[in-house]
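J.: Please see the structure below; I have some questions.
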Amino acid sequence: MAIAGIAVQAIGFTWAISIFSSERGGFSFLNNFVSELGAPRHSMMAQVFNWSMIISSLMLFPLMCSLGMHIRTKLGYTATLLGACALIGAVGVGFAPMDLLVPHIILAMMFFWGWLFAVILFTIAFCRRFTFRESPALVFAGILAVIACCLFLAVVFNALHMSADTCFNIKNPQAFKRPAIWDIAILEWCVVITLVGWNLATLRYMMGRKMTTEEHRTSNIES
């Protein structure tokens, strides 16, 4: 299910970006936000992006639950609970794109904060329950995800000190000039990339554990 979820996410994002590029003359990871792919709601681009995010998030959540149950500690279970909060935020953003700005921001922050604390606790719980050598990739993926999320949230809250009109020129949107390189957009994509990396590292580790367990079972049966 996790493999299928990652595939749905990759296909959906790629398809949405291609539609965005054809409709608006190009998409750049340097100054276009992830959420822009989900608006306007009536665009084919938005439907592809929003539904792929909703479906892939739901398909990837069992992988997170499996890791929490594998760790079997209070920290692991708490991390899973926070991951569920992040899931609600991610799915909610699919139903409330940027067209609905206030609920979109609330749900997006629910995802980012939930994901940040979930990956922090997962990384700590994993290192306490096992050892770093058990899965260096999973630990490094967790550290990178935490760094990306912290930097993104720091830049967002720094921007909140400025008025919305100063940042986006809401009173006269046509006069707003998008920066060629926008740190908030870049860091948001970094969060997405590190999230995918963490899912891949978790998937690799859990599949490896499953194969090891099956080998032990086969060996015991043969003996």
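Please treat every number below as a calculation from the coordinates, not as lab data. It should be emphasised that the depicted structure is a prediction, and the values quoted were computed from it without experimental measurement. For neighbour counting, all protein chains shown are included, and Cβ atoms are generated from backbone atoms with ideal geometry for every residue, glycine included.
J.: Here are a few candidate values for Cα Rg over 2.2 N^0.38 Å: (i) 1.13; (ii) 1.21; (iii) 0.98. Which one was actually calculated from the structure I just gave you?
T.: Step by step, Cα Rg over 2.2 N^0.38 Å for this structure corresponds to label (i).
J.: Of 39, 27, 124, which is farthest towards the positive pole of the chain's charge dipole, taken about the Cα centre with +1 and -1 on the beta-carbons of Lys, Arg and Asp, Glu respectively?
T.: My answer, from the dipole projection, is 124.
J.: Turning to a different aspect of this structure: Report the residue, chosen from 35, 135, 21, that carries the largest GNM mean-square fluctuation when the chain is represented by alpha-carbon nodes joined by springs under 10 Å.
T.: 21
J.: With charges only on Cβ, +1 for K and R and -1 for D and E, what is the dipole size of the chain about its Cα centre, in debye, rounded to 20? Display every interim value, and only then the final one.
T.: Details: 14 positive and 10 negative charges, 78 e Å.
Computed about the Cα centre, the dipole is about 380 debye.
J.: Over what distance in Å are the Cα centres of the stretch 53-108 and the stretch 180-195 separated?
T.: A separation of 19 Å, based on Cα centres.
J.: Now, a different point. Using a Gaussian network model on the chain with a 10 Å cutoff between Cα atoms, which of 86, 185, 159 fluctuates the most?
T.: Per the Cα network of the chain with a 10 Å cutoff, 159 tops the list.
J.: Still on this model: Rounded if a/c is under 1.5, else prolate if a/b beats b/c, else oblate: with a ≥ b ≥ c from the C-alpha gyration tensor eigenvalues square-rooted, which is the stretch 55-144?
T.: In terms of gyration-tensor shape, prolate.
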